[in-house]
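The values are calculated or read from the model by the stated rules, or taken from the named source; none is laboratory data. What you see is a predicted model; the values in this text were computed from it and never measured. Note that we place each Cβ from the backbone using ideal geometry, even for glycine, and neighbour counts take in every protein chain shown. Accessible surface areas use protein heavy atoms only, side chains included; no ligands, DNA or RNA. Shrake-Rupley method; radii C 1.70, N 1.55, O 1.52, S 1.80 Å.
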Amino acid sequence: TGASRGIGRQIAISMAKEGAVVIVNYNGSAAKAEDVVKEITEAGGQAEAVQCNVSDYSAAEVFLKDIISRYKRIDILVNNAGITKDGLLARMSEAQFDAVASVNFKGVFNMCRHVSGVMMRQKHGRIINISSVAGLYGNPGQFNYSATKAGVVGMTLSAAKELGPRNITVNAVAPGFIETPMTAVLTETQREAALATVPLGRYGKPEEVAAAVAFLASDDAAYISGQVIVVDGAMSM
(Lines give C-alpha, C1' and ligand atoms only; values in the text may rest on other atoms or scores of the structure.)
Protein backbone atom coordinates (compact mmCIF):
# COMPACT_ATOMS: atom_id res chain seq x y z
CA THR A 1 0.00 0.00 0.00
CA GLY A 2 1.13 3.57 -0.60
CA ALA A 3 3.53 2.33 -3.28
CA SER A 4 3.58 5.32 -5.64
CA ARG A 5 6.49 7.10 -3.97
CA GLY A 6 9.16 7.05 -1.28
CA ILE A 7 9.75 3.86 0.66
CA GLY A 8 6.65 2.20 -0.79
CA ARG A 9 7.89 2.74 -4.33
CA GLN A 10 11.23 1.11 -3.57
CA ILE A 11 9.59 -1.80 -1.75
CA ALA A 12 7.45 -2.48 -4.83
CA ILE A 13 10.48 -2.38 -7.12
CA SER A 14 12.60 -4.55 -4.83
CA MET A 15 9.85 -7.13 -4.36
CA ALA A 16 9.37 -7.35 -8.13
CA LYS A 17 13.08 -8.03 -8.55
CA GLU A 18 12.64 -10.97 -6.17
CA GLY A 19 9.92 -12.39 -8.41
CA ALA A 20 6.73 -11.12 -6.78
CA VAL A 21 3.77 -10.03 -8.87
CA VAL A 22 3.26 -6.59 -7.36
CA ILE A 23 -0.01 -4.71 -6.90
CA VAL A 24 1.08 -1.07 -6.70
CA ASN A 25 -1.55 0.49 -4.47
CA TYR A 26 -2.06 4.25 -4.46
CA ASN A 27 -4.73 6.69 -3.39
CA GLY A 28 -4.21 9.93 -5.30
CA SER A 29 -1.00 9.63 -7.35
CA ALA A 30 -2.09 7.62 -10.40
CA ALA A 31 0.70 8.92 -12.64
CA LYS A 32 3.38 8.15 -10.07
CA ALA A 33 1.95 4.68 -9.51
CA GLU A 34 2.02 3.99 -13.24
CA ASP A 35 5.66 5.13 -13.29
CA VAL A 36 6.44 2.44 -10.72
CA VAL A 37 4.63 -0.17 -12.82
CA LYS A 38 6.54 0.96 -15.90
CA GLU A 39 9.89 0.68 -14.14
CA ILE A 40 9.03 -2.83 -12.93
CA THR A 41 7.71 -4.12 -16.25
CA GLU A 42 10.56 -2.63 -18.27
CA ALA A 43 12.94 -4.56 -16.01
CA GLY A 44 11.04 -7.78 -16.78
CA GLY A 45 8.83 -7.88 -13.71
CA GLN A 46 5.06 -8.06 -13.28
CA ALA A 47 3.01 -5.27 -11.73
CA GLU A 48 -0.19 -3.30 -11.99
CA ALA A 49 -1.44 -0.15 -10.29
CA VAL A 50 -4.74 -0.23 -8.39
CA GLN A 51 -6.33 2.74 -6.64
CA CYS A 52 -7.72 2.31 -3.13
CA ASN A 53 -8.04 4.53 -0.09
CA VAL A 54 -6.99 1.97 2.52
CA SER A 55 -8.51 4.04 5.32
CA ASP A 56 -11.95 3.14 3.92
CA TYR A 57 -12.97 -0.26 5.34
CA SER A 58 -15.38 -1.16 2.52
CA ALA A 59 -13.05 0.09 -0.22
CA ALA A 60 -10.22 -2.03 1.18
CA GLU A 61 -12.48 -5.08 1.11
CA VAL A 62 -13.47 -4.49 -2.53
CA PHE A 63 -9.83 -3.84 -3.46
CA LEU A 64 -8.65 -7.14 -2.02
CA LYS A 65 -11.60 -9.16 -3.37
CA ASP A 66 -10.76 -7.89 -6.85
CA ILE A 67 -7.14 -8.99 -6.52
CA ILE A 68 -8.16 -12.43 -5.23
CA SER A 69 -10.70 -12.90 -8.03
CA ARG A 70 -8.01 -12.32 -10.63
CA TYR A 71 -4.89 -13.80 -9.02
CA LYS A 72 -6.58 -16.43 -6.80
CA ARG A 73 -4.30 -15.75 -3.81
CA ILE A 74 -2.37 -13.10 -1.87
CA ASP A 75 0.95 -14.22 -0.46
CA ILE A 76 2.39 -10.96 0.86
CA LEU A 77 0.87 -7.80 2.28
CA VAL A 78 3.06 -4.77 2.93
CA ASN A 79 1.21 -2.07 4.87
CA ASN A 80 3.22 1.01 3.95
CA ALA A 81 0.62 3.75 3.32
CA GLY A 82 1.14 6.62 5.73
CA ILE A 83 0.82 10.38 6.11
CA THR A 84 2.00 13.07 8.51
CA LYS A 85 0.26 16.16 9.82
CA ASP A 86 2.77 17.32 12.38
CA GLY A 87 2.20 19.82 15.14
CA LEU A 88 2.76 20.31 18.84
CA LEU A 89 0.22 18.56 21.07
CA ALA A 90 -1.02 21.84 22.59
CA ARG A 91 -1.91 23.09 19.11
CA MET A 92 -2.91 19.88 17.36
CA SER A 93 -6.42 19.86 15.94
CA GLU A 94 -8.78 16.94 16.03
CA ALA A 95 -8.71 16.89 12.24
CA GLN A 96 -4.90 16.52 12.25
CA PHE A 97 -5.11 13.58 14.64
CA ASP A 98 -8.00 11.87 12.87
CA ALA A 99 -6.46 12.16 9.39
CA VAL A 100 -3.21 10.51 10.44
CA ALA A 101 -4.99 7.84 12.50
CA SER A 102 -7.34 6.94 9.65
CA VAL A 103 -4.50 6.09 7.25
CA ASN A 104 -1.58 5.02 9.42
CA PHE A 105 -3.54 3.04 11.99
CA LYS A 106 -7.01 2.14 10.71
CA GLY A 107 -5.64 1.52 7.23
CA VAL A 108 -3.42 -1.24 8.61
CA PHE A 109 -6.38 -2.77 10.45
CA ASN A 110 -8.55 -2.65 7.32
CA MET A 111 -5.96 -4.39 5.15
CA CYS A 112 -5.00 -6.99 7.76
CA ARG A 113 -8.65 -7.70 8.54
CA HIS A 114 -9.57 -8.38 4.93
CA VAL A 115 -6.42 -10.27 3.93
CA SER A 116 -6.20 -12.49 7.01
CA GLY A 117 -9.04 -14.79 5.91
CA VAL A 118 -7.39 -15.39 2.55
CA MET A 119 -4.03 -16.19 4.09
CA MET A 120 -5.62 -18.43 6.71
CA ARG A 121 -7.32 -20.49 4.00
CA GLN A 122 -4.03 -20.71 2.12
CA LYS A 123 -2.24 -21.64 5.36
CA HIS A 124 0.53 -19.34 4.27
CA GLY A 125 1.21 -15.62 4.25
CA ARG A 126 3.58 -12.80 5.04
CA ILE A 127 2.43 -9.50 6.51
CA ILE A 128 4.97 -6.72 6.92
CA ASN A 129 3.82 -3.48 8.54
CA ILE A 130 5.84 -0.29 8.18
CA SER A 131 6.11 1.39 11.57
CA SER A 132 8.71 4.02 12.54
CA VAL A 133 11.27 4.73 15.24
CA ALA A 134 8.85 7.51 16.21
CA GLY A 135 6.45 4.78 17.27
CA LEU A 136 9.09 3.19 19.49
CA TYR A 137 10.62 6.25 21.13
CA GLY A 138 8.31 9.18 20.38
CA ASN A 139 9.10 12.40 18.57
CA PRO A 140 8.25 16.01 19.53
CA GLY A 141 5.68 17.47 17.18
CA GLN A 142 4.47 14.06 16.09
CA PHE A 143 2.02 13.07 18.80
CA ASN A 144 -0.42 11.72 16.21
CA TYR A 145 2.16 10.06 13.95
CA SER A 146 4.06 8.46 16.86
CA ALA A 147 0.84 7.16 18.38
CA THR A 148 -0.26 5.50 15.15
CA LYS A 149 3.14 3.95 14.51
CA ALA A 150 3.22 2.60 18.07
CA GLY A 151 -0.23 1.17 17.41
CA VAL A 152 1.09 -0.58 14.31
CA VAL A 153 3.62 -2.37 16.50
CA GLY A 154 0.87 -3.52 18.85
CA MET A 155 -1.22 -4.81 15.96
CA THR A 156 1.81 -6.59 14.55
CA LEU A 157 2.49 -8.46 17.79
CA SER A 158 -1.14 -9.46 18.30
CA ALA A 159 -1.58 -10.59 14.70
CA ALA A 160 1.63 -12.65 14.88
CA LYS A 161 0.19 -14.60 17.80
CA GLU A 162 -3.26 -15.01 16.25
CA LEU A 163 -2.16 -15.96 12.74
CA GLY A 164 0.98 -17.95 13.52
CA PRO A 165 -0.87 -21.27 13.83
CA ARG A 166 -1.90 -20.87 10.17
CA ASN A 167 1.70 -20.42 9.00
CA ILE A 168 1.37 -16.65 8.63
CA THR A 169 4.23 -14.48 9.82
CA VAL A 170 3.62 -10.87 10.84
CA ASN A 171 6.49 -8.46 11.36
CA ALA A 172 7.15 -4.74 11.38
CA VAL A 173 9.95 -2.61 9.97
CA ALA A 174 10.68 0.67 11.76
CA PRO A 175 12.69 3.10 9.63
CA GLY A 176 14.57 6.07 11.02
CA PHE A 177 15.56 9.06 8.90
CA ILE A 178 15.28 7.90 5.29
CA GLU A 179 15.79 9.98 2.13
CA THR A 180 12.17 10.30 0.96
CA PRO A 181 9.77 13.07 -0.06
CA MET A 182 8.55 13.04 3.55
CA THR A 183 11.98 14.00 4.91
CA ALA A 184 12.85 16.26 1.96
CA VAL A 185 10.63 19.00 3.41
CA LEU A 186 12.89 19.38 6.46
CA THR A 187 14.96 22.55 6.72
CA GLU A 188 18.74 22.33 6.60
CA THR A 189 18.86 23.02 10.34
CA GLN A 190 16.42 20.17 10.99
CA ARG A 191 18.41 17.83 8.74
CA GLU A 192 21.66 18.63 10.53
CA ALA A 193 20.01 18.13 13.91
CA ALA A 194 18.62 14.78 12.78
CA LEU A 195 21.96 13.57 11.44
CA ALA A 196 23.62 14.47 14.72
CA THR A 197 21.56 11.70 16.36
CA VAL A 198 22.59 9.01 13.83
CA PRO A 199 25.86 7.20 14.67
CA LEU A 200 26.30 6.17 11.03
CA GLY A 201 26.24 9.85 10.11
CA ARG A 202 23.90 9.69 7.12
CA TYR A 203 20.30 9.31 6.10
CA GLY A 204 19.14 5.84 5.17
CA LYS A 205 18.16 4.88 1.65
CA PRO A 206 14.74 3.53 0.65
CA GLU A 207 16.57 0.51 -0.78
CA GLU A 208 17.84 -0.35 2.69
CA VAL A 209 14.33 -0.42 4.12
CA ALA A 210 13.08 -2.39 1.12
CA ALA A 211 15.82 -4.98 1.63
CA ALA A 212 14.57 -5.65 5.17
CA VAL A 213 11.00 -6.00 3.89
CA ALA A 214 12.06 -8.36 1.10
CA PHE A 215 13.94 -10.52 3.59
CA LEU A 216 10.93 -10.77 5.93
CA ALA A 217 8.77 -11.78 2.96
CA SER A 218 11.20 -14.51 1.88
CA ASP A 219 11.43 -18.18 2.80
CA ASP A 220 14.64 -17.38 4.69
CA ALA A 221 12.51 -15.56 7.28
CA ALA A 222 9.91 -18.32 7.69
CA TYR A 223 10.65 -18.66 11.43
CA ILE A 224 10.73 -14.93 12.17
CA SER A 225 7.45 -13.47 13.39
CA GLY A 226 6.29 -10.86 15.86
CA GLN A 227 9.48 -8.85 15.43
CA VAL A 228 10.22 -5.17 14.83
CA ILE A 229 13.26 -4.68 12.61
CA VAL A 230 14.70 -1.19 13.14
CA VAL A 231 16.46 0.37 10.14
CA ASP A 232 17.88 3.61 11.53
CA GLY A 233 21.68 3.64 11.52
CA ALA A 234 21.73 3.01 15.30
CA MET A 235 19.89 6.28 15.99
CA SER A 236 17.54 4.73 18.54
CA MET A 237 20.09 2.74 20.54
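Between SER236 and SER93, the simple label model (points 7 Å from Cα in the Cβ direction) yields a spacing of 3.0 nm.
With a cut-off of 8 Å between alpha carbons and a minimum separation of six or more residues, what is the relative contact order of segment 126-170 in percent?
42 percent
Applying the criteria of a DSSP loop state and at most 13 other Cβ atoms within 10 Å to the chymotrypsin sites (Phe, Trp or Tyr not before Pro) of segment 146-237 yields TYR223.
Only helical runs count toward this figure. For the chain, summing -39,500 (n - 2.57) over DSSP H runs of n ≥ 4 and dividing by all residues gives -14500 deg cm²/dmol at 222 nm.
Counting only heavy atoms of protein chains, what accessible area per residue, in Å², does segment 1-69 have with a probe of 1.4 Å?
48 Å²
Classify segment 98-237 as rounded, prolate or oblate, taking a ≥ b ≥ c as the square roots of the eigenvalues of its Cα gyration tensor: rounded when a/c is under 1.5, otherwise prolate if a/b is larger than b/c and oblate if not. Because a/c hits 1.5 or more and a/b exceeds b/c, segment 98-237 counts as prolate. Annotation: amide H of GLY204 within the under-5 Å range of PHE177, ILE178, GLU179, sequence separation 5 or more or interchain, hydrogens built in the peptide plane. The angle between the Cα long axis of helix 143-163 and the longest principal axis of the Cα atoms of the chain comes to about 30 degrees, rounded to the nearest 10. Charged neighbours of ALA12, selected by a Cβ distance under 14 Å, balance to -2 (K, R count +1; D, E count -1). Across the chain, Cα pairs under 8 Å and at least six residues apart give a relative contact order of 20 percent.
With kT/(6 pi eta Rh) evaluated at 25 °C and eta = 0.890 mPa s, and Rh the Kirkwood radius from Cα pairs, the chain diffuses with a coefficient of 136 µm²/s according to Stokes-Einstein.
In summary, the lysines within cross-link reach of LYS72, defined as a Cα separation below 18 angstrom excluding same-chain residues under 8 places away, comprise LYS123. Within straight-line reach of LYS17, meaning a Cα separation under 14 Å, sit the following aspartates and glutamates at least 8 residues removed in sequence or on another chain: GLU39, GLU42, GLU207. Treating r as the C-beta distance of ILE224 and LYS72 and R0 as 30 Å, the FRET efficiency rounds to 0.70. Amide H to amide H, with H built 1.01 Å from N, VAL24 comes under 5 Å of GLU48, ALA49, VAL50, counting only residues 5 or more places away or on other chains. Averaged over its residues, segment 156-237 has an accessible area of 55 Å² per residue, based on protein heavy atoms and a 1.4 Å probe.
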